[in-house]
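Participant: Handing you a structure now.
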Amino acid sequence: MTTTATTAAPQQPPESAAPRRPDLRPQFFLDIPQSELVATDTLLQIKDTVIDTVESRAMSVIYGDAGLGKSFGTRATIQEMNPDLILPLDFARSRPGPKDLREELFHQMNLGCKMPGTPTAFDKLLRETLPRRPYVIVCDEAQQYRREKCG
C-alpha cells in the first residue's frame, strides 16, 4: 500500500541543505538495462490519483493486491513531479511506529534545530513546520506500520 498526503501552504523555495533521501526512481523488474516505462491502465490511474491529490492538497491511498505496480507507479509519477515537494518516508527498522515517523519527518524536512525529546513537543514542531510549504509525504507499505494503543 502506498499512501500520499499533501499539506496546504504557499509555494516557497526549498531549504538550502538537502535532506537525506531514498532513491525514488521506479525499480524495473530484474533491473534489465534499457527498460522503459509503459503507460498501462494501472500506471495511468496511479498517475491521475497522485496528481489529483497534489492539486487538491489532499490525502489519498493507493491500494491493491501485491504485484500490481502500486509502488512502481507512484515512484514513476514522482519522477515527473517537483522533487522538492516529496518527503519519502524510508525506515531502517521493520514495523515503524509513531516515534519512527516523527524522526523520519524531522530528518526529511532538514529542520535546523535540535530534535525534540517528547512526543508532544515533536508533534508541535511538526504542526508548526509542515504548513510552511507544500509537501507530498509518501509512505510505502503503510500497512506494515506499527500501531500504538491509545489510553
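The values are calculated or read from the model by the stated rules, or taken from the named source; none is laboratory data. What you see is a predicted model, and the numbers here were worked out from it, not measured in a lab. No Cβ is skipped: glycine too gets one built from the backbone with ideal geometry, and neighbour counts run over all protein chains shown. Each accessible area value is taken on the protein alone, full model and side chains, heavy atoms only, with ligands, DNA and RNA left out. Shrake-Rupley method; radii C 1.70, N 1.55, O 1.52, S 1.80 Å.
Participant: Quick check, is Ile78 farther than 19 Å from Arg132 by Cβ, part of a helix (DSSP H, G or I), open to solvent by less than 70 Å² (accessible area, probe 1.4 Å) and at pLDDT 85 or above?
Facilitator: Taking the combined requirement at face value, the residue does not satisfy it.
Participant: With the requirement that a residue be assigned to a loop (DSSP other than H, G, I, E, B) and among the polar types (S, T, N, Q), what does the range 83-124 give you?
Facilitator: The answer is Ser94, Asn110, Thr118.
Participant: Right, something else. Of the residues that make up the range 59-75, is at least one closer than 22 Å to Gln144 by Cα, among the hydroxyl-bearing types (Ser, Thr, Tyr), under 13 Å from the mean Cα position of the chain (by Cα) and modelled with pLDDT of 85 or more?
Facilitator: Yes, the range 59-75 contains at least one residue that is closer than 22 Å to Gln144 by Cα, among the hydroxyl-bearing types (Ser, Thr, Tyr), under 13 Å from the mean Cα position of the chain (by Cα) and modelled with pLDDT of 85 or more.
Participant: Identify, please: which residue in the range 43-75 is without any contact (Cβ under 8 Å) to a residue 60 or more places away in the chain and among the charged types (D, E, K, R) and is, among those, farthest from Ala142 (Cα to Cα)?
Facilitator: Looking at the filtered set, the residue picked out is Glu55.
Participant: While we're looking at this one, here's another question. Residues being without any contact (Cβ under 8 Å) to a residue 40 or more places away in the chain and surrounded by 13 or more Cβ atoms within 10 Å (Cβ to Cβ): count how many of those fall in the range 109-130.
Facilitator: Adding up the residues that qualify gives 7.
Participant: Okay, moving on. Out of all the residues in the range 125-151, which are β-branched (Val, Ile, Thr), touching a Lys or Arg at 6+ places or on another chain (Cβ under 9 Å) and part of a helix (DSSP H, G or I)?
Facilitator: none
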